[in-house]
1. Over region 12-265, what percent of the accessible surface lies on carbon and sulfur atoms, probe 1.4 Å?
2. Let me know the volume per residue of the alpha-carbon convex hull for the chain, in Å³.
3. When you have a sec, figure out the Kirkwood radius of region 1-88 from all distinct Cα pair distances and drop it here in Å to one decimal?
4. Any idea of the accessible area per residue across region 136-203, 1.4 Å probe, to the nearest Å²?
5. Using a cut-off of 28 Å between alpha-carbon atoms, which lysines can reach residue 94, once sequence neighbours fewer than 8 places away in the same chain are excluded?
6. Report D for region 190-274 in µm² per second (integer): Stokes-Einstein, Kirkwood Rh on Cα pairs, 20 °C, 1.002 mPa s.
7. Using a Gaussian network for the chain with springs between C-alpha atoms less than 10 Å apart, which of these wobbles most: 151, 141, 185?
8. What is the magnitude of the charge dipole of region 12-265 about its Cα centre, with +1 placed on the Cβ of each Lys and Arg, -1 on the Cβ of each Asp and Glu, and no other charges, expressed in debye to the nearest 20?
Amino acid sequence: MAEPVVRIPDAKVALSTASVYPESTATAFEIAARLGYDGLEIMVWNDPVSQDIAALRRLSDYHRIPILAVHAPCLLITQRVWSTDPWVKLQRAKSAAEQLGASTVVVHPPFRWQRQYARDFVRGIWRMADETDVRFAVENMYPWRYRDREMLAYAPEWDVTKDDYRHYTIDLSHTATARTDALQMIDRMSDRLGHVHLADGTGSGKDEHLVPGRGTQPCAEVLERLALNGFDGHVVLEVNTRRAMSSAEREADLAEALAFTRLHLASAVRVPRS
C-alpha cells in the first residue's frame, strides 16, 4: 500500500522589492519580515537604497531577512543605473550578490539596439558565470505588442531557451504576455531552471504581474511540478501592487501571494508504507 505524504522542496519563497512599488526598498524589508517571507530579491533601480550595498546589509541585518537574489538594472528605466555599460552593470550585480550573500543574479537578454552587447551576450554570461559561485539566471521575456503589431525588442532571443545558458529564470507574467506555454518552457529549461518569478497574467499585450491565481497562467501546476522535481532555487513573488488603494491593501495582496505559493509548493506524493 502507498500512503500520501506532503513533500516540501528546499526552495525558499522570496519577495521582490519591485512588488511594493511605489513604496521603497526599505519598506519591502519591513513587509517581508512581517508576512514571513524567507528573503528578498533586490530590484536594483532608481531608489538609492537599492544601489547601496552597505544600506542593504544594514536593512537585512535589522529585519533578519536575507537577500537571496539581485536583479541587475537592465530595465528601460534603469539604463543609467550603475553605469551605461551593460557589462559593468553585471559586474556590479555580481559583486553585490557576493557581498550580500545572494546566490543569484537575474538578468534580462539585451535590447536589440544594444548590438555589441547582444552579439557577445551568450558567451559573456558563460564567462561571468565561470568567475563566481553566483548563478546568472537569464530571464524569459516577450514580444512587445501594440494593437495588431508586434516588435521583437530583445536579442539574441526573448525566448531564452533558444540559446545556451547555464541557468534560466522563468517569469510567468512574461509567459502570459508572450502567449507561450509555461510548462513546456520549464521542460525546455530542464535542470538549468535556477530561479522563478511567480506572478500571473491573462495573455494581454501588457506585462501584468498579477497575484498568482488571478490570471490564466498555470501557477499552481508550476509550483507542484517544482515540488515534485525537488527544485532547489528560489521562488520570488514579483507582482504589481501599484493599484493598491492603501498600504494595507498592498500587504493583503502580498500575503495572499505568499499563502498561494506555500500551499502549492507542498506537494502530496505517494510512498510505500514501511
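The values are calculated or read from the model by the stated rules, or taken from the named source; none is laboratory data. Since the model is a prediction, treat every value here as computed from it, not as a measurement. We place every Cβ from the backbone using ideal geometry, glycine too, and count neighbours over all the protein chains shown. Just the protein is used for accessible areas: all its heavy atoms, side chains included, with ligands, DNA and RNA removed. Shrake-Rupley method; radii C 1.70, N 1.55, O 1.52, S 1.80 Å.
1. Whole-percent figure for carbon plus sulfur exposure: 48.
2. Measuring per residue, one finds 138 Å³ for the Cα hull of the chain.
3. Values: mean 1/r = 0.0699 Å⁻¹.
When all Cα pairs of region 1-88 are included, the Kirkwood radius is 14.3 Å.
4. On the way: 2790 Å² over 68 residues.
Averaged over the residues of region 136-203, the accessible area is 41 Å².
5. Within the straight-line limit of under 28 Å, residue 94 reaches these lysines: 12, 162.
6. In µm²/s, the coefficient is 152.
7. 151
8. Dipole of region 12-265, to the nearest 20 debye: 560 debye.
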